[in-house]
Amino acid sequence: MSYINKLNSGKSVEEYIKETDKKESTTESSQGVVTTETENDTVKLSDEISNKLDELSSQLKNISDIDSTNATSAFSRIQDLKSNISTYTSQIAYLDEQISLKESQIQEITEKLEKVQKEYDEIEEELKEKQKKLEETNSKIEKINKQIEKQKKIVDNADGNSSEDEIKAACSKLSSYYSQLSSLYSEKANLEDAISSLSRDLENKSNTISQYESQISTLENNLSAITTKKSNIETEKAAAEEELNNSMLSLVSEDEWKLVEENNIDLTEKLDNGEPRYIFAQGKQDNQYHIYDMSANSSLARMYCPSGGYDIIASGNGNISGFTKKDDGTGSTVFYMDDCDTFCEFNACYSTCSPLSFDINGDGVKTSSNIINYDIDGDGILDKINDSADAVLVFDKDGNGISGEDGSECFGNNTDLDGDGIKDGFKDGFEALKELAKQNNLINGTNDNTLDIKDIEFLEENFGLKLKLNGYGSEAVSLKDVGITEINLGTTDETTLIDDFDGQGNQLMKQEGATFTINGETKEYADIWHKKILTDVEKAAEIFSGDSLSFSMNSYLINNNFITTKATSSTNNEEGLEEIKEIKKTAKEKLKEIQKNKK
């Protein structure tokens, strides 16, 4: 079974070597030299590692040509969809306002209509009463007119034979009837005037009712149209959200989704601080999105091939060591799932490691082109970084008499003031230094924001406050001996970050008012944010991100000290190729030497 098949079957290089040691038969080589099968296997093993490293060299050579079109296109589509969804949401909100407005207007006019309708009904009822009285009055007038005609006939037909009393009685009745008739005609006139007025009022009310009904009809039609439009937009929004969700899912490979399913991962899980545990972020080398576990030792480690180690993909300035949220719109877009399985996002940048550096020479805080090994983040593992070309402010957290042993004894985001072995969580070195001063009542942050010579002497005596003048590996010296008599702490919490300020990928953070006085001169100090420089094998791991074979191989070579690498400060691919060739050569020699010793 070949080395590659051995790895694929879950066996390590070491297991394979043990198996080859058991073989004792010999064979004739093509050159006529007798060798053991173990030696053949050793050469075979070296060749296969060599071949893999040759592939790696090819990858390194072509790394600038990596095709990230698919991820870029997908991400662009995702941003378009999110923009569309945002527009849909705004439109729906606007239409909801319009719907509320129309409903309110309909309600208002309906109330007016009901009031006018009630008035109309009352007038109509009164009109009916007046018309009924008018009919009664007309009926009375008609009866009286008949009586008048009757009495008039009596008077008109009177002759010499008629009774005088009968004529007088008829005249009296006529007089009474005419008086009643006059009153009835007056009443009739009043009733007719009232009826006329009521009829006009009724007509006006009827017109008003028609207007209100027309307005309500128009508003209801508008409301129906708006509701239909809203429904259509909601449908479009739902389709866009579904497409967005599918696009988000497609950013990550099927293999990674399979890992999520196999491990029963709940992507909505939260950390103790309420932040999402699992996030979707873009890898630096492959430009593809991956699922990262934020709880894995505070690093972004993809769950991949546990036997071969985590698949760490560097991005931003240095290795991934956690995200810092950015509220100013800068940084990269990071996605996570909320409790409703909906993709949300925030902007963030990958954290780097920051120590305060003092510009002793007055020519600006700088870094050196020299690459050194220094535990800049205080996690117990040496990191490769550009050395400081200025004075680094350090202290002695554990009281062992040595200041600035690692990044936890510098002033930055890895500072451990109380020496409990846990980072205090400062956002930068300015904040860490201010906190040390506040804890010891040396400043109050209002009218006293300065460390004078007595304050500095106190911190030197009690906390080992010193300066490393010649880089991180130099011996720390007293600030007083250097001539520093005053340190002015920043007058604001706001900072300005300059990316790649030294042309080596590091960042510089400044804060207004952050100055110090040395030999009577005022100069500035700033926060350097160091990137971590990857070793050649770590670069190889990046190139083969997601390849379990290469991770197993590289992990084994590193852990067993098969390969000793030097840091790469140049980004030139040709120089990188030469280093890969050296790795290949070293790997062959080391493996042959081990086989020889085991014989």
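Throughout, read-outs are computed from the coordinates displayed, never taken from laboratory work. What you see is a predicted model, and the numbers here were worked out from it, not measured in a lab. As a convention, Cβ positions derive from the backbone with ideal geometry for all residues, glycine included, and neighbour counts pool all protein chains shown.
Based only on other Cβ atoms within 10 Å, what is the fewest-to-most ordering of L134, L489, L465, L249? Don't skip to the end; give the middle numbers.
Numbers: L134 17, L489 22, L465 25, L249 12.
Ordered by Cβ neighbours within 10 Å, fewest first: L249, L134, L489, L465.
Between K438 and E512, take the C-beta separation as r, use R0 = 25 Å, and let me know the FRET efficiency to the nearest 0.05.
Plugging the Cβ-Cβ distance into 1/(1 + (r/R0)^6) gives 0.85.
Over the stretch 161-280, one equal point on each Cα, no solvent: what is log10 I(q)/I(0) by the Debye formula at q = 0.11, 0.20 Å⁻¹?
After summing over all Cα pairs, the log10 values are -0.79, -1.14.
Please state the equivalent ellipsoid semi-axes for the stretch 403-544: what are the square roots of 5 times the Cα gyration tensor eigenvalues, largest first, in whole Å?
They are 29, 17, 16 Å, listed from largest to smallest.
I'd like the distance separating the alpha-carbon centroids of the stretch 133-207 and the stretch 412-437, in whole Å.
If you average the Cα positions of each part, the centres end up 113 Å apart.
Across bins of 5 angstrom width beginning at 0, how are the C-alpha pair distances of the stretch 126-222 distributed, in whole percent?
Taking all Cα pairs of the stretch 126-222, the binned fractions are 3, 12, 14, 12, 9, 9, 8, 7, 6, 5, 4, 3, 3, 2, 2, 1, 1, 0 percent.
Counting only C-alpha contacts under 8 Å and six or more residues apart, can you give the relative contact order of the stretch 356-529 as a whole percent?
Rounded, it is 22 percent for the stretch 356-529.
When T450, T491, T515 are ordered from fewest to most other Cβ atoms inside 10 Å of their Cβ, what list results?
T491, T450, T515
Give me the Å³ per residue figure for the convex hull around the C-alpha atoms of the stretch 83-171.
Hull volume over Cα atoms, normalised by residue count, gives 87 Å³.
With labels modelled as points extended 7 Å from the Cα through the Cβ direction, what inter-label distance (nm, one decimal) is found for K153 paired with I498?
According to this spin-label approximation, the distance is 13.0 nm.
Multiply the residue gap between N273 and N145 by 0.36 nm, knock off their C-alpha separation, and tell me the result in nm, one decimal place.
35.7 nm
Among G407, T517, L465, which residue has its Cα furthest toward the positive end of the charge dipole of the stretch 356-529, with +1 on Lys/Arg Cβ and -1 on Asp/Glu Cβ?
Highest projection toward the positive end goes to T517.
Fully extended, how many nm does the chain gain between I453 and S163 (0.36 nm per residue separation, minus their Cα-Cα distance)? Display every interim value, and only then the final one.
Details: separation 290, 0.36 × 290 = 104.40 nm, distance 14.85 nm.
In short, 89.5 nm is gained.
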